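I have placed the structure first, in the form of structure tokens, so that the comments after it can refer back to it.
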Amino acid sequence: MRTIPAIPFNRSALMGREMEYIARSLANGQIAGDQAFSHRCQELLQEELGVAKVLITTSCTHALEMAALLLNIGPDDEVIVPSFTFVSTANAFALRGARIVFADIRRDTLNLDERTLEGLITPRTKVIVAVHYAGVACEMDEILRIALKHGLPIVEDNAHGLFGTYRGRQLGTFGAFATQSFHETKNITCGEGGALLINAEAYGDRAEIIREKGTDRSRFFRGQVDKYGWVDLGSSYVMSDVLAAFLYGQLEARQVIQERRALIWHRYAEALHAWAARMDARLPFIPPHCGQSYHMFYLIMPSLEVRQALIAHLRERDILAVFHYLPLDRSPFAARWPPAMECPVTAEVSDQLVRLPFYNSMSAAEQERVIEAVLAFKE
């Protein structure tokens with residue numbers, strides 16, 4: 001049995017009225033999907049983000065799968081995805097038979113390098129997936145310009161970026177679709193969950209059908225049809241209202257959550273700035289036109305060996321720090337697709353990046369313990 005470190009990488013916490021809302025959901029006898037709290041979550045996000053439609057889902061992975069279905073992705077299609085991302089970003093489109101074309105990332109923000117994007121587009125390209133790593137925006141002006149030039153839709157994988165902004169505009173509002181994650185490691189969570197943000201209104205009705213196993217059940221419950229049946233492809237992507245009740249309690253506390261995480265992030269940055277310079281390490285870079293979501297705090301160490309030594313050093317002090325993504329373009333499954341380009345920055349960053357403990361309930365004393373341990377590290 002694994003022991004939990006004194007300071008874990010992540011720790012879930014109640015932030016508001018989550019348990020009250022779960023009890024209310026149970027008392028109402030409404031614990032299946034698409035019930036009262038599901039609707040409350042969707043309405044809150046629609047209003048807060050200014051998107052046409054929001055559908056909460058069982059995961060961000062499933063929201064990505066819905067986007068692939070809505071865009072009719074199929075065999076022989078190509079989908080451009082950054083190599084430095086979670087496997088779900090690629091898998092959702094690979095499940096439809098698409099070839100994944102991996103793009104390298106920028107050294108500063110670790111986002112898709114828009115300067116390489118146009119060279120990856122072919123007549124078979126069907127969609128561009130922009131991942132806002134650590135809740136810091138991709139360079140959306142240039143990505144949108146390229147997408148418009150070639151008539152391609154954009155899907156934003158915004159798993160890290162809820163309430164982040166790009167030039168004052170909310171992340172998740174640039175693409176035809178965006179996807180959100182409410183996994184336990186995210187700022188706002190219900191354990192497992194996600195959302196599909198629909199910015200192109202024409203897709204709204206079909207998205208409901210895909211989410212309801214390919215049936216027009218949602219229309220039936222609204223009284224728009226007298227019976228429902230199987231009308232399209234789909235799956236069971238509807239979140240239980242018990243989880244939606246928990247999620248709504250977290251969403252209500254969003255301002256407190258974001259303010260708390262901002263304090264933690266800035267304390268790390270302030271305390272570790274001089275140490276990083278001495279160690280030839282890098283702190284996260286936030287462009288001035290980007291408003292980050294305060295999703296994570298990472299360090300980029302000078303080598304794999306130094307990164308691993310730092311993780312071991314912290315573990316000896318009962319502090320869990322972790323690395324992040326492995327390059328998808330070098331994964332065993334990706335070997336079936338001849339690479340369109342090399343991704344050297346992805347490979348380098350994957351070896352060097354370490355994420356420090358970061359969670360909503362992190363106390364000042366816990367954070368100071370992490371900071372002191374990092375400052376004590378020497379190669």
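The values are calculated or read from the model by the stated rules, or taken from the named source; none is laboratory data. Just so it is clear, the structure is predicted and the values come from calculations on it, not from any experiment. Positions of Cβ are generated from backbone atoms using ideal geometry, with glycine treated the same way; all protein chains shown enter the neighbour counts. Protein only, heavy atoms only, side chains kept; ligands, DNA and RNA dropped before computing areas. Shrake-Rupley method; radii C 1.70, N 1.55, O 1.52, S 1.80 Å.
Given the peptides 79-85, 159-165, 5-11, arrange them by the average over their residues of other C-beta atoms within 10 Å, most packed first.
Ranked by mean Cβ neighbours within 10 Å, highest first: 79-85, 159-165, 5-11.
Match the structure shown to one of the listed values (1) 26.4, 96; (2) 20.4, 59; (3) 21.0, 70 of Rg and Dmax of the Cα atoms in Å, computed from it, and give that label.
The calculated read-out lines up with (3).
Express in nm, to one decimal, how much length is gained between Leu148 and Leu44 on full extension, taking 0.36 nm for each residue of separation and deducting their alpha carbon distance.
Here the answer is 34.4 nm.
Multiplying the sequence separation of Glu348 and Glu201 by 0.36 nm and subtracting their Cα-Cα distance, what value in nm do you get?
Here the answer is 48.9 nm.
Trypsin sites (Lys or Arg not before Pro) within the range 83-149: which are DSSP loop residues with at most 16 other Cβ atoms inside 10 Å?
Hits after loop and neighbour filter: Arg107, Arg124.
I'd like to check one number: the per residue accessible area of the chain, probe 1.4 Å, reported in Å² as a whole number.
Spelled out: the 1.4 Å probe surface of the chain, per residue, equals 43 Å².
Just the number: Rg to Rh for the range 48-153, Cα atoms, Kirkwood Rh, two decimals.
In the range 48-153, Rg relative to Rh is 0.94.
Which order do you get for Arg254, Arg261, Arg336 if you rank them by accessible area with a 1.4 Å probe, largest at the top?
Arg336, Arg254, Arg261
Excluding Arg124 itself, what net charge comes from residues whose Cβ is under 9 Å from its Cβ, given Lys and Arg +1 and Asp and Glu -1?
Result for the local shell: -1.
Mind putting together the pair-distance distribution for the range 193-267? All Cα pairs, 5 Å bins, whole percent per bin, short to long.
Pairs per bin, as whole percents: 3, 13, 15, 17, 16, 12, 8, 6, 5, 3, 1, 0.
Quick check: residue separation of Trp337 and Glu259 times 0.36 nm, minus the Cα distance between them. What number comes out in nm?
That pair, Trp337 and Glu259, stretches by 23.7 nm at full extension.
Can you give the three extents of the C-alpha atoms in the range 197-338 along their principal axes, from longest to shortest, in whole Å?
Rounded to whole Å, the extents work out to 70, 46, 35 Å.
On the full set of protein chains, 1.4 Å probe, figure out the accessible area of Tyr228 and give it in Å² to the nearest 10.
100
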